[in-house]
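Each remark here refers to the structure printed beneath this line.
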Amino acid sequence: MEHRELAVAGAFVFDPEVHPDRRGSFASPYQESVFAAAVGRPLFPVAQASRNVSRRGVVRGVHYTLVPPGTAKYVFCAGGRALDMVVDLRVGSPTFGRWEAVELTAGNGRAVYLPPGAGHAFAALEDDTVMCYLLSSEYRKEDDLTLSVLDEDLGLPLPGGTSPALSERDAAAPTLAEAAARGLLPSYAPATAPSAAR
């Protein structure tokens with residue numbers, strides 16, 4: 001399994017080996033030894049596993065939780081194809097305001113790790129796109145915040161051709177500047193940064 005750090009401090013992408021044969025293919029989107037070598041510690045204790053199914057053109061996010069305690073996420077695509085976006089919303093982070101997009105597919109088995117406080121969004125590029133999440137804390141509605149995926153100052157690479165299908169909540173979400181002015185952004189916690197050991 002290969003890995004690299006994304007443009008957002010403490011966020012990583014993991015590319016497993018995919019083994020195809022006449023029956024289909026096999027891949028392991030998570031390997032603890034590789035994760036620990038990259039991030040500097042094993043994966044968080046999993047408090048919740050979730051999945052969603054989206055039709056083509058659906059965009060979900062940018063979702064995040066405040067730090068502390070925040071929620072770390074390990075995300076992969078189990079069906080279809082998605083453009084996954086990680087956004088640094090952590091005030092005081094050396095990469096604040098930066099983002100990186102990675103294509104996740106059922107075929108490539110690629111996974112993304114988001115540290116607590118990083119924002120997450122994705123655009124479904126095919127019907128029946130299935131996104132799976134391992135979460136460090138259970139979902140609590142009052143802790144789940146959203147930022148506008150359409151914020152021109154962020155400039156996220158949304159697929160062209162159609163208007164994104166958003167939830168009412170995501171469509172009404174504040175911009176990064178509005179969230180900052182209202183004190184709704186997470187703080188950067190050095191403990192969420194990757195260890196120097198790689």
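Over 25 Å apart: what share of the alpha carbon pairs of the stretch 53-198 falls there, rounded to a whole percent? The proportion of pairs with Cα distances above 25 Å equals 24 percent. Restricting attention to the chain, close to 95% of DSSP beta bridges with both partner residues there are antiparallel.
When all alpha-carbon pairs of the stretch 1-72 are counted, what percent fall beyond 15 Å? That tail contains 72 percent of the Cα-Cα pairs.
Among Cys77, Cys132, the order by Cβ neighbours within 10 angstrom, fewest to most, reads Cys132, Cys77. For Ser50 and Arg22, a Förster radius of 41 Å and the Cβ-Cβ distance give a FRET efficiency of 0.80, rounded to the nearest 0.05. Protection proxy ranking for 113-120, 155-162, using the average of other Cβ atoms within 10 Å per residue and placing the highest first: 113-120, 155-162.
For the stretch 67-117, a simple Cβ point-charge model (Lys and Arg +1, Asp and Glu -1, everything else neutral) yields a dipole of about 60 debye relative to the Cα centre. With the helix formula -39500 (n - 2.57) applied to DSSP H stretches of n ≥ 4, the chain reaches a computed 222 nm mean residue ellipticity of -2000 deg cm²/dmol. Compare the Cα positions of Val34, Val53, Ala173 along the charge dipole of the chain (+1 at Cβ of Lys, Arg; -1 at Cβ of Asp, Glu; about the Cα centre) and return the one farthest towards the positive end. The residue sitting farthest along the positive end of the dipole is Val34. Using a Gaussian network model of the chain in which every pair of alpha carbons under 10 angstrom is joined by a spring, one finds that among Asp127, Asp88, Asp153 the greatest mean-square fluctuation is at Asp153. Scaling the Cα radius of gyration of the stretch 52-134 by the globular reference 2.2 N^0.38 Å produces a ratio of 1.07. About the centre of its Cα atoms, the stretch 27-147 shows a dipole size close to 40 debye [charges on the beta carbon of Lys, Arg (+1) and Asp, Glu (-1) only; nearest 20 debye].
Every read-out reported here was derived from the displayed coordinates using simple, explicitly stated rules and does not represent laboratory data. What you see is a predicted model, and the numbers here were worked out from it, not measured in a lab. In this analysis, Cβ positions are derived from the backbone assuming ideal geometry, glycine residues included, and neighbour counts consider all displayed protein chains.
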